[in-house]
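A.B. asks: I am attaching a structure below and will ask some questions about it afterwards.
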Amino acid sequence: MAAIKVEPLAHSSNIAALGYDAPSKTLHVNFKGGGRYQYQNVTPEMWAALNEAESKGKYLNNEIKPNCFCHKLEEEE
């Protein structure tokens, strides 16, 4: 899969950047602590709700993490 373009988040205490690939339903998250993760089977509706959420971190923790497979990316990925 090609690299997912991520956009910086200005108003999050935990998330540095987010990106989404609709064809593969993959969410890419860069955390301010340095971790980079991809979440699989993130529906377009979940992506839209994440973008509209007042707290991106709370939505990620409550809706995406419990329901979507997560893969931590290595430095070269």
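The values are calculated or read from the model by the stated rules, or taken from the named source; none is laboratory data. Note that the structure is predicted; figures quoted are calculated from it, not measured. We place every Cβ from the backbone using ideal geometry, glycine too, and count neighbours over all the protein chains shown. For the accessible areas, the whole protein counts, side chains as well, though only heavy atoms, and no ligand, DNA or RNA atoms are used. Shrake-Rupley method; radii C 1.70, N 1.55, O 1.52, S 1.80 Å.
A.B. asks: Restricting attention to region 2-33, and to residues there that are aliphatic (A, V, I, L, M) and not in a loop (DSSP other than H, G, I, E, B), which single residue is nearest to Asn51 (Cα to Cα)?
C.D. replies: Looking at the filtered set, the residue picked out is Leu18.
A.B. asks: Would you be able to tell me the number of residues in region 44-77 that are open to solvent by 40 Å² or more (accessible area, probe 1.4 Å), of a type outside the set (Gly, Ala, Ser) and under 14 Å from Leu9 (Cα atoms)?
C.D. replies: 3
A.B. asks: Could you list, in sequence order, the residues of region 2-43 that are among the aliphatic types (A, V, I, L, M), over 15 Å from Lys56 (Cβ atoms) and loosely packed, with under 12 Cβ neighbours inside 10 Å?
C.D. replies: Those that are among the aliphatic types (A, V, I, L, M), over 15 Å from Lys56 (Cβ atoms) and loosely packed, with under 12 Cβ neighbours inside 10 Å: Ala2, Ala3, Ala22.
A.B. asks: Report yes if Ala48 is without any contact (Cβ under 8 Å) to a residue 60 or more places away in the chain and either in contact with a Leu (Cβ under 6 Å, 6 or more places away or on another chain) or not in a helix (DSSP H, G or I) (or both), otherwise no.
C.D. replies: no
A.B. asks: While we're on this one: Cβ contacts < 7 Å: first residue under 16 Å from Leu73 (Cα atoms), restricted to region 1-30; second residue in a strand (DSSP E or B) and open to solvent by 50 Å² or more (accessible area, probe 1.4 Å), any location; separation 6+ or different chain. Result?
C.D. replies: Filtered contacts from region 1-30: Ala16/Pro8; Ala17/Glu7; Ala17/Pro8; Leu18/Glu7; Gly19/Glu7; Val29/Tyr37; Asn30/Arg36.
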